[in-house]
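What follows is one structure encoded as C-alpha cells, with my remarks underneath.
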Amino acid sequence: MRHIEREELKPEESDQLLLLPGGHPPLWNHMDSIGPVGLQQREGAPGCSQEGLPCPSDSSELVLECLQQFKVTETQLQQIQASLLGSMEQALRGQATPASAVRMLPTYVGSTPHGTEQGDFVVLELGATGASLRVLWVTLMGTEGHRMEPQSQEFVIPPEVMLGPGQQLFDFAAHCLSEFLDALPMDKQGLQLGFSFSFPCHQTGLDRSTLISWTKGFRCSGVEGHDVVQLLRDAIERQGAYSIDVFAVVNDTVGTMMGCEPGVGPCEVGLVVDTGTNACYMEEARHVAVLDEDRGRVCISVEWGSFSDDGVLGPVLTTFDHALDRESLNPGAQRFEKMIGGLYLGELVRLVLAHLAQRGVLFGGCTSPALLSRGSILLDHVAEMEDPLAGAARVHALLQDLGLSVGASDAELVQYVCAAVLTRAARLCAAALAAVLSRLQHSREQQMLQIAVATGGRVFERHPSFLSVLQKTVMLLAPQCDVSFIPSVDGGGRGVAMVTAVAARLAAHRRLLEENLAPFRLNHNQLAAVQAQMREAMVKGLRGEASSLRMLPTYVRATPDGTERGDFLALDLGGTNFRVLLVRVTAGGVKITSQVYSIPEDVAQGSGQQLFDRIVDCIVDFQQKQGLSGQSLPLGFTFSFPCRQLGLDQGILLNWTKGFSASDCEGQDVVCLLREAIGRRQAVELNVVAIVNDTVGTMMSCGYEDPRCEVGLIVGTGTNACYMEELRNVAAVAGDSGHMCINMEWGAFGDDGSLDLLRTCFDANVDQASINPGKQSFEKMISGMYLGEIVRHILLRLTSLGVLFRGQQTQRLQTRDIFKTKFLSEIESDSLALRQVRAILEDLGLPLTSDDALMVLEVCQAVSQRAAQLCGAGVAAVVEKIRENRGLEELTVSVGVDGTLYKLHPHFSGLVAATVRELAPRCAVTFLQSEDGSGKGAALVTAVACRLAQMARV
Ligand code: BG6
Ligand code: GLC
Ligand code: GLC
C-alpha cells in the first residue's frame, strides 16, 4: 500500500483538493471521521471479491490513497501552466511541434463581432456534445433589434455512424438538416449555413478546413486529411432537398467566443468544457508565424486537449487515467483532454468505483456487470450524484440502477469520488486557461489584463461547482488578470451565425470581384480570334486597304551583318527616358556612352518648336561633355511614334501617341523639324542620316547578336512591333524581291472597333480620360502607360460596390495616374508577402485590410495577364505570317524585346511566350531582351545607310 505523506495535506491545500458543492467539509478533514467502512460481503455472489479484502481499518486508507492520486498541488498546476505556455509559444513560432503539444490553429476569424451582423442563418453543430448533432435557425437582428431565441433540434447520432464511413456521417448530418428545415415555416430560399465542427482542423479559409484527427468518441473513416466543408456540401447535394450555401466552418470555442453578448466589453477568449475541452483566444497576428500578417488579431484555437508533456503530466496521471486511455478509441492521444472532458469524467468515476468495490471498500466488495462496462456512468450521472441537493437517495437510486448493492456510507463516498474527479478537472482546466491568459497579458504588454472569457459546454451547465473551482484556481495562478466569465449564448450557435454572416458578406464580395474581373479572363478561342483579326488587319494594311494597322515601311531592308563600322550619335525619344548616345561600332564590338535627359510633361505637350529646341539643347550638352563639339557625326534618331517614311531619313509624324501632344508636329517631317531646330541653334552641325522606330532599333540591336532576330517588340510606356516582310507584299514600296522591315504600329489595332467585344467598361474609362480618346485601343489594353489606370478604375468600382476599403472612396484613389504600372510589377512579385503588398498600397494612402490587399493583388494579376496574352496573340500573328510568307512547315525565329513592363514585370514575359506557344505551335520563338536600348540599333541602321551612300558615291 502506498504510504500517504500526511504532512503534504496542509489545510489550505486540502481545501483546494476537494471543494464539495453545498459547503461539504473538505474530504481530508472529514476522512478521519468516516471511520472504517462497513464491509458487507456476500458469499459467492458474482462480481464480489472473495479473498484479500482489506481489513476494515484499511478501508479509509484505501479511499484516501485512491483519491490522493487525484490531488494536483499548486506547484504542479504552475508547472503545467508554464509548460503549456511554452508549448503554445513554440507552436506560434511555427517550430515543429510533436503531436503531444498544443496545436495553435489559426481560424480565419479576425475580429470579434461588431454586433451589426444580421440575417437568418442555419447552424449545424457536430462534435461538441457527445453523440448528438444539433441544428439551429438563428436570426441576427443587427444593432437595432432585440435578441431572438433560436429554433433548434437535437438528433442522436447512432454509434455505428460515429465509427463508420465518413460519407455515412455527413449523409446523416444532411438528413437531419432537411428534417429540421422541413418542419420550419420560414422561407427557405438562399439558406446560409455555418458549420460548427469541433475537432482539430487545419483551416485555409473561412470555408476550408481539413480534419487533422478525430478526437472524443468519433472515428469515421475517410475524413481525416479531407476538407470537411466539402464533405458536408457533397452530402447536402446528394440529399438534394435544399440548396444551402456553407459559408463558414468554426470550432465550438470560436462560436462560444463570438456569440458572447455585446456590452460586456471585448470577449477575447472562448472556453469549452463539454465532451472534450479546448479554448480559443485573439492573438496578435504578427506573432503567428504561419500567417503572413503583421497587423490585427486572429483567433487561435489552442487545441489544448492534445497537450501531454510527460514531464509535468506524468506525476499527475493516475492509474485510472492510464486505464481509461488504454481503453479509449485513441490511446496515447489527447491525454490532457482525458482528464477534463465530459466524455471521460464519468468513466474516471466508474473506474475508481469499480476499483474501490473490488478492493472491498464499496458496495460490499461487489461489482456489477454494468459497473464493469465502459460508458455506464455518464457525465449527467456524475452531475446528479455530486449534487448535494439531490441527496443520498438519488445517489442510491443511480447506483442501484447499475446493479450495485449500496451500503450506508457508500453514497457519501461516491459523492467524494465524483467531487475529486471534477475538482481535479476544474483545476487542470484553470492551469490551461491561466496559460492562455498569461500569453494574452504578455502579448498585449499589459500589467493588469482585464478580460472576459465566454464559457460553454455541458460541464459548466451541469456542474456549477466546476466554474467556482476554476475561478478560484485561475485567481491563484494568474493573479494579474481580472477575468469575468460569461456563459455562452445558445450554446455557441449565435457565435457561429455571426461568423457565417461575416463569411457570407466576404463571399458576396468575392462574387462581385469575380464578376468584375471575368471580362479580363480570355479563353483560347478569344485569343485565337484576336490573332486572326490581327492577321487580317496586317494583310489589309500592307495592301494599303482600310485597316487599323498602318504597316509602315521603314526602309530598313536587312538586319545587320556585322560589317558595320564607325562612330555615331543616336537619339532615343519616346520611351520612359530621352537619351543621347555615342555609339562606337568597331571590329571588336559596340561601345555605347549615353546620357538620360528629361523631357518635362509641359514640353512634351507644349509647342513642337519648344520640344525640338529642347532636344537640340540636350545634344549640344552631350557633345560638350563628350568632347565632340564641332564634329558632325552621322546621327540616327530613334523616334518612337508612327511615321510615314519615304526614305531612311524622312519621317512624317502621323499622330502623337502615349503622353506626347506637342503642337505643329503632326503631318511634318520629323527630320526637318530637328534640322530646323539645329538651324535655330547656330554653330551646331548635325548630320541626320536615319530615323527609326524603337521597335526597329530594338530588332536591329538584337539582330547584331543573333541573325535570326527578325521581329522587334516593345512593351513599355507604349507597345508596338516590327518584322521583316517580303517586299512583294508591301504595296507602298516598289520592288518585288528582298525584304523590308515593317513598323506595324499595332498600338492602334482595334481602333476600327474590331476589339470592342473584348473591351471592358474600365478600358472605356481609361480611354475617355486619355489625351487621345478613341485611339491606340490595343496599346491601352497592354502597355505600361495604361495598366495602372485600368487597375485604378477597377478599384474605384469595387470600392463603390463596398467590396474594397470598406466602401470608403479616398481622394487618393480618385487621382489620375496615382497607381503606377510599376506597382503591378511590385505587387505581383512572388517574393513579396501580402503584408508588403499592403505596405505598397498604404504608401499610396490606401487604408486597407489583408482581405483588401489580396483582392488588389488579384485585380493586378487579371489586368496584367490579359495584357500579356493579348501581346502574345499579336506576336503569334506576326511569326505565323513570316512562316507562311516563306512557305515553311516550321519557323525558327527570334524576337528582340524592350520596354520596362516586359522587363520588370515578374510574369509578363512568361505569359507572352506561353501564349505564342499555344497560338503558333509551328514556330519556335526565342525572345531576346535588348540590353542596350534601341539607340544601338539606330546607330547600326545609320552605319548601313552611310556605307550604302558611300558605295553610291564611288
Ligand atoms: C528603351 C528603348 O530601352 O525602351 C526605347 O531604348 C524604347 O527606344 C523603350 O522606346 C521602351 O520602353 P519604355 O518602358 O521606356 O517605354
Ligand atoms: C476536442 C476537439 C476541439 C474542441 C473540444 C471541445 O478537444 O479537438 O476541437 O474544441 O474538443 O469540444
Ligand atoms: C507607341 C508608338 C510606337 C512605339 C510604341 C512603343 O505605340 O506609336 O511608334 O513603337 O509606342 O514605344
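Exactly one condition in (1) outside any loop (DSSP other than H, G, I, E, B); (2) buried (at least 21 other Cβ atoms within 10 Å of the Cβ); (3) over 26 Å from the mean Cα position of the chain (by Cα) is not met by Thr215; state its number.
Every condition holds for Thr215 apart from (1).
Can you name the residue in the stretch 598-634 that is within 24 Å of Gly716 (Cα to Cα) and touching a Ser or Thr at 6+ places or on another chain (Cβ under 7 Å) and is also surrounded by the fewest Cβ atoms within 10 Å (Cβ to Cβ) among such residues?
Only one residue tops the list, namely Gln605.
Is it the case, given these coordinates, that Ile714 is assigned to a loop (DSSP other than H, G, I, E, B), open to solvent by 10 Å² or more (accessible area, probe 1.4 Å) and not acidic (Asp, Glu)?
Criteria not met by Ile714.
Based on this model, can you work out whether Leu888 counts as within 30 Å of Asn729 (Cβ to Cβ) and away from ligand 1 (no atom under 16 Å from the Cβ)?
yes
Under the condition of being assigned to a loop (DSSP other than H, G, I, E, B), among the hydrophobic types (A, V, I, L, M, F, W, C) and more than 51 Å from the chain's Cα centre (by Cα), which residue from the stretch 628-667 is farthest from Asn720 (Cα to Cα)?
Result: Leu628.
Would you mind finding the one in Val944, Val925, Val916, Val878 that is more than 40 Å from the chain's Cα centre (by Cα), open to solvent by less than 70 Å² (accessible area, probe 1.4 Å) and more than 16 Å from ligand 1 (Cβ to nearest atom)?
None of the others qualify; the one that does is Val944.
For the stretch 430-451, enumerate the residues that are surrounded by 20 or more Cβ atoms within 10 Å (Cβ to Cβ) and among the small types (Gly, Ala, Ser).
Ala430, Ala431, Ala432, Ala434, Ala435, Ser438
Restricting attention to the stretch 717-755, which residues are under 15 Å from Met699 (Cα atoms) and under 43 Å from the mean Cα position of the chain (by Cα)? Walk me through it before giving the result.
Restricting attention to the stretch 717-755, the residues satisfying the condition of being under 15 Å from Met699 (Cα atoms) are 719-725, 739-745.
Matches in the stretch 717-755: Thr719, Asn720, Ala721, Cys722, Met744, Glu745.
Quick one: would you say Leu653 is within 16 Å of ligand 1 (Cβ to nearest atom), touching a Ser or Thr at 6+ places or on another chain (Cβ under 6 Å) and open to solvent by less than 40 Å² (accessible area, probe 1.4 Å)?
Here the answer is no, as Leu653 does not meet what is asked.
Please specify each residue of the stretch 345-373 satisfying the condition of being more than 30 Å from Phe460 (Cα to Cα), touching a Lys or Arg at 6+ places or on another chain (Cβ under 9 Å) and outside any helix (DSSP H, G or I).
Cys366
List the number of the failed condition for Lys903; all other conditions in (1) assigned to a helix (DSSP H, G or I); (2) surrounded by fewer than 24 Cβ atoms within 10 Å (Cβ to Cβ); (3) more than 16 Å from ligand 3 (Cβ to nearest atom) hold.
(3)
Residue under question is Phe460, and the condition is that it be part of a helix (DSSP H, G or I), of a type in the set (Phe, Trp, Tyr) and in contact (Cβ under 8 Å) with a residue 24 or more places away in the chain; does it hold?
yes
Which residue, of Ser152, Ser111, is open to solvent by 50 Å² or more (accessible area, probe 1.4 Å) and part of a strand (DSSP E or B)?
Of Ser152, Ser111, the one residue that is open to solvent by 50 Å² or more (accessible area, probe 1.4 Å) and part of a strand (DSSP E or B) is Ser152.
So, in the stretch 312-344, of the ones that are of a type in the set (Lys, Arg) and outside any loop (DSSP other than H, G, I, E, B), which residue ends up farthest from Ala82 (Cα to Cα)?
Arg326
Looking at the stretch 538-587 only, could you name the residues that are part of a loop (DSSP other than H, G, I, E, B) and within 16 Å of ligand 3 (Cβ to nearest atom)?
Ser547, Ser548, Leu549, Arg550, Met551, Thr554, Tyr555, Val556, Gly574, Gly575, Thr576, Asn577
Could you check the stretch 796-817 and list, in sequence order, the residues that are part of a helix (DSSP H, G or I) and either open to solvent by less than 30 Å² (accessible area, probe 1.4 Å) or of a type in the set (A, V, I, L, M, F, W, C) (or both)?
Matches in the stretch 796-817: Leu796, Leu798, Thr799, Phe805, Leu813.
Every residue, every condition in (1) open to solvent by 10 Å² or more (accessible area, probe 1.4 Å); (2) farther than 24 Å from Leu437 by Cβ; (3) of a type in the set (Lys, Arg); (4) away from ligand 1 (no atom under 16 Å from the Cβ), yes or no:
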| site | (1), (2), (3), (4) |
| --- | --- |
| His226 | yes, yes, no, yes |
| Ile244 | yes, yes, no, yes |
| Asn251 | yes, no, no, yes |
| Thr256 | no, no, no, yes |
| Gly270 | no, no, no, yes |
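Do we find that Ser825 is polar (S, T, N, Q), part of a helix (DSSP H, G or I) and either away from ligand 2 (no atom under 16 Å from the Cβ) or modelled with pLDDT of 95 or more (or both) in this structure?
It is true that Ser825 is polar (S, T, N, Q), part of a helix (DSSP H, G or I) and either away from ligand 2 (no atom under 16 Å from the Cβ) or modelled with pLDDT of 95 or more (or both).
Within the stretch 300-309, is there a residue that is closer than 21 Å to Met258 by Cβ and out of contact with any helix residue (DSSP H, G or I) (no Cβ under 8 Å at 6 or more places or on another chain)?
The initial filter retains those residues of the stretch 300-309 that are closer than 21 Å to Met258 by Cβ, namely 300-305.
When the remaining residues are screened for being out of contact with any helix residue (DSSP H, G or I) (no Cβ under 8 Å at 6 or more places or on another chain), the result is 303.
Yes - at least one qualifying residue is present in the stretch 300-309.
Checking the conditions here, which among Ala558, Ala587 is open to solvent by 20 Å² or more (accessible area, probe 1.4 Å), in contact (Cβ under 8 Å) with a residue 60 or more places away in the chain and more than 16 Å from ligand 2 (Cβ to nearest atom)?
When all the criteria are applied, what remains is Ala558.
Restricting to the stretch 191-239, and then to whatever is without any contact (Cβ under 8 Å) to a residue 24 or more places away in the chain and among the acidic types (Asp, Glu), can you tell me which residue is farthest from Thr256 (Cα to Cα)?
Top of the filtered list is Glu237.
The values are calculated or read from the model by the stated rules, or taken from the named source; none is laboratory data. Bear in mind the structure is a predicted one, so any value in this text is a computation, not a measurement. Here Cβ is always computed from backbone atoms with ideal geometry, including for glycine, and neighbour counts include all displayed protein chains. In case anyone asks, the SASA skips ligands and DNA or RNA and just uses the protein heavy atoms, side chains included. Shrake-Rupley method; radii C 1.70, N 1.55, O 1.52, S 1.80 Å.
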